[in-house]
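Supplied in structure tokens, the structure appears directly below.
The values are calculated or read from the model by the stated rules, or taken from the named source; none is laboratory data. Remember, it's a predicted structure, so these values are computed and weren't measured experimentally. Quick reminder, even Gly has a Cβ in these numbers, built from the backbone with ideal geometry, and neighbours come from all protein chains shown.
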Amino acid sequence: MPFPAPSAALLGDLAGRLGPQGFTVDPADLAPWLTDWRRRVTGAAAALVSPASAEEAAFVVARAAAEGVAIVPQGGNSSMVGGATPAGPAEGRALLVSMRRMRAIRSVSPADNAVVAEAGVVLADLHEAVEAEGRRFPLSLAAKGNATVGGLVSTNAGGTQVLRFGPMRSLVLGLEAVLPDGSLLHGLAPLRKDNRGYDLKQLLIGGEGTLGLVTAATLRLVPAFETRSVGWIGLRSAEDALTLLRRLEDRLGEAVESFELVPAEGLALVLRHIPDTRAPLAESWTWNVLVEAVGSGDIGERLQNELMDAIEQGLAGDATIAASEAQADALWKLRESLSEAEARDGMAAKHDIAVPVADMPGFMTRASTAVTARFPGVRPIAFGHLGDGNVHFNVRAPEGGDDKAWFKAQAAAVSRFVHGLVTESGGTMSAEHGIGRFKRADFAALADPVRLAAMRAIKAALDPAGIMNPGALLPLAEDAPGQ
Ligand code: 2HG
Ligand code: ZN
């Protein structure tokens with residue numbers, strides 16, 4: 001569907017209402033926001049529009065809708081899947097709507113265990129603000145210095161505490177959002193129960209901006225913890241890692257908040273490329289796990305006893321527990337730098353996949369064997385959120401060659417192959433990053449047609465002109481003939 005360019009009258013109206021802080025067509029202002037975080041695609045937009053309030057955001061969408069002009073929403077521009085880049089069907093004609101000026105924390109209510117944060121609030125700032133009130137927002141990820149509330153909601157982000165608290169879907173109590181016709185949906189009440197039929201906020205969560213523009217969210221908080229204990233464990237197999245997780249859960253219960261898997265080659269990449277890092281254990285182990293347990297004063301001792309038991313019984317090879325917050329941060333840095341270290345090393349076809357947890361060790365072995373047989377020389381590397389059944393099963397370019405040429409020629413075929421294996425295993429080709437623009441074609445080709453048809457029907461009902469984030473998530477006609 002061809003999208004019109006915004007008329008001079010529309011641009012004039014937006015400039016008038018939003019002022020110089022909120023509206024620009026200067027290419028130098030737009031440039032930093034036109035390329036995705038992974039630097040894989042550069043788009044173009046007619047203007048960069050930055051509303052400072054929900055009312056301004058509603059004005060922008062209403063005026064765009066009246067002309068059928070497309071809108072690409074953007075938060076921290078840290079999408080792993082090109083979800084916020086104005087490339088594709090409306091390229092050069094869309095309004096790039098940045099939510100970064102909406103960065104107020106409207107309220108923190110310890111009594112409700114809830115915070116109301118605007119869409120442009122950066123995750124790290126949110127953490128700080130609620131900590132000052134003796135509470136925690138229990139979702140964290142490596143991009144916390146950039147990722148914003150609106151983007152986290154719209155992608156149903158996951159991260160390293162999903163094991164205990166779930167993804168964004170389970171942490172959003174309410175939303176305020178502009179629907180595609182420009183009307184403002186008010187739903188910020190911090191209700192724990194609300195049975196008035198369809199849960200509209202859940203459509204917007206993970207909707208990738210295709211059903212509306214999130215302007216603020218009410219998020220669930222949990223009590224601050226007394227102490228945390230962070231351990232690093234060396235293991236011989238991923239099966240052992242899963243056995244250890246279940247055992248720690250049996251014995252320490254909900255204290256186990258993170259259980260992150262790091263393969264030997266991943267740790268080696270971090271040590272090679274990231275300054276101020278050092279190997280946590282004397283020997284190199286095929287698999288490593290970072291575990292974080294939180295609780296009262298004795299949690300460190302309890303975790304240590306469990307890990308010693310596991311080593312004595314041969315379940316774990318070696319382990320260390322951080323003796324200070326600085327050491328805990330250093331262990332987390334090893335885990336959180338994986339993505340960056342991998343990127344510095346060269347190109348990789350990236351896959352954010354999930355299968356049933358019990359099958360994950362088996363899947364990683366099957367998929368590694370299959371992908372290296374089909375594409376000789378490639379180097380699979382799987383890391384991440386084992387306890388959620390979600391790993392980043394990335395496939396690195398063969399060693400020594402021109403990795404950019406390889407990526408151009410091979411990455412799409414590798415990804416289709418890996419996503420096919422995941423689908424055969426009853427899994428998902430997007431566990432926490434979304435579909436965005438990069439995975440749309442595979443989603444179109446591999447998803448159950450019934451699911452796709454229902455999604456299209458919802459989209460058509462709420463956004464009949466298709467102006468919200470065209471090219472993200474929903475299949476386009478060119479993606480998969482016949483679907
Ligand atoms: C992580 O878990 C992120 O570190 C990034 O989700 C994953 O770079 C990746 O593949
Ligand atoms: Zn991840």
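With ALA111, ALA90, ALA124, ALA117 as the choices, which residue is in contact with a Leu (Cβ under 6 Å, 6 or more places away or on another chain) and either part of a loop (DSSP other than H, G, I, E, B) or not basic (Lys, Arg) (or both)? If you could, list the steps in order and put the result at the bottom.
On the way: ALA111 fails: in contact with a Leu (Cβ under 6 Å, 6 or more places away or on another chain); ALA90 fails: in contact with a Leu (Cβ under 6 Å, 6 or more places away or on another chain); ALA124 fails: in contact with a Leu (Cβ under 6 Å, 6 or more places away or on another chain).
None of the other options fit; the residue is ALA117.
Next question. Criterion first (within 16 Å of ligand 2 (Cβ to nearest atom), touching a residue at least 12 places away in the same chain (Cβ under 8 Å) and surrounded by fewer than 20 Cβ atoms within 10 Å (Cβ to Cβ)) does ASN146 satisfy it?
Values: within 16 Å of ligand 2 (Cβ to nearest atom): yes; touching a residue at least 12 places away in the same chain (Cβ under 8 Å): yes; surrounded by fewer than 20 Cβ atoms within 10 Å (Cβ to Cβ): yes.
So ASN146 fits the description; yes.
Give ALA382, ALA477 a once-over and let me know the one that is of a type outside the set (D, E, K, R) and under 23 Å from ALA87 (Cβ atoms).
On the way: ALA382 fails: under 23 Å from ALA87 (Cβ atoms).
Step by step, each of ALA382, ALA477 is checked, and only ALA477 is of a type outside the set (D, E, K, R) and under 23 Å from ALA87 (Cβ atoms).
Give the residue that is surrounded by the fewest Cβ atoms within 10 Å (Cβ to Cβ), with candidates limited to residues of region 126-143 that are in contact with a strand residue (DSSP E or B) (Cβ under 8 Å, 6 or more places away or on another chain) and charged (D, E, K, R).
GLU133
Got a sec? Which helices (runs of 4 or more DSSP H) wholly within region 269-385 have at least 3 residues that are outside the structural domain of ILE233 (by TED's automatic domain parsing) and among the polar types (S, T, N, Q)?
Numbers: elements: 299-312, 325-336, 338-345, 360-374.
The qualifying helices (runs of 4 or more DSSP H) are 360-374.
Scan (1) farther than 17 Å from ALA241 by Cα; (2) away from ligand 2 (no atom under 16 Å from the Cβ) for the single condition TRP287 breaks and write down its number.
(1)
Among ALA397, ALA370, ALA413, which is the only one that is surrounded by 21 or more Cβ atoms within 10 Å (Cβ to Cβ) and either in contact (Cβ under 8 Å) with a residue 24 or more places away in the chain or closer than 30 Å to VAL256 by Cα (or both)?
Working: ALA370 fails: surrounded by 21 or more Cβ atoms within 10 Å (Cβ to Cβ); ALA413 fails: surrounded by 21 or more Cβ atoms within 10 Å (Cβ to Cβ).
After applying the criteria, what remains is ALA397.
Additional query: Pull out all pairs, ordered by first then second residue, where Cβ-Cβ is under 6 Å, the residues are six or more apart or on different chains, the first lies in region 451-480 and is buried (at least 16 other Cβ atoms within 10 Å of the Cβ), and the second is charged (D, E, K, R).
GLY471/ARG437; ALA472/GLU208; ALA472/ARG437; LEU473/GLU208; LEU474/LYS459
Kindly list, by first and then second residue, each pair from a residue in region 334-347 that is of a type outside the set (Lys, Arg) to a residue that is within 14 Å of ligand 2 (Cβ to nearest atom) and in a loop (DSSP other than H, G, I, E, B), limited to pairs with Cβ atoms under 7 Å and residues at least 6 apart or on different chains.
Close Cβ pairs satisfying both conditions: GLU336/ALA142; SER339/ALA142.
Can I ask one more? Return the residues of region 420-443 that are away from ligand 2 (no atom under 16 Å from the Cβ) and either touching a helix residue (DSSP H, G or I) at 6+ places or on another chain (Cβ under 7 Å) or of a type in the set (D, E, K, R) (or both); say none if nothing qualifies. Don't jump to the end; show me each part of the working.
Within region 420-443, the first condition is being away from ligand 2 (no atom under 16 Å from the Cβ), and the residues that meet it are 420-421, 423-426, 437, 440-443.
Of everything in region 420-443, those that are away from ligand 2 (no atom under 16 Å from the Cβ) and either touching a helix residue (DSSP H, G or I) at 6+ places or on another chain (Cβ under 7 Å) or of a type in the set (D, E, K, R) (or both) turn out to be GLY420, LEU421, THR423, GLU424, SER425, ARG437, ARG440, ASP442.
For region 340-358, enumerate the residues that are within 16 Å of ligand 2 (Cβ to nearest atom) and surrounded by fewer than 19 Cβ atoms within 10 Å (Cβ to Cβ).
If the condition is that a residue be within 16 Å of ligand 2 (Cβ to nearest atom) and surrounded by fewer than 19 Cβ atoms within 10 Å (Cβ to Cβ), then GLU340, ALA343, VAL357 are the ones that fit.
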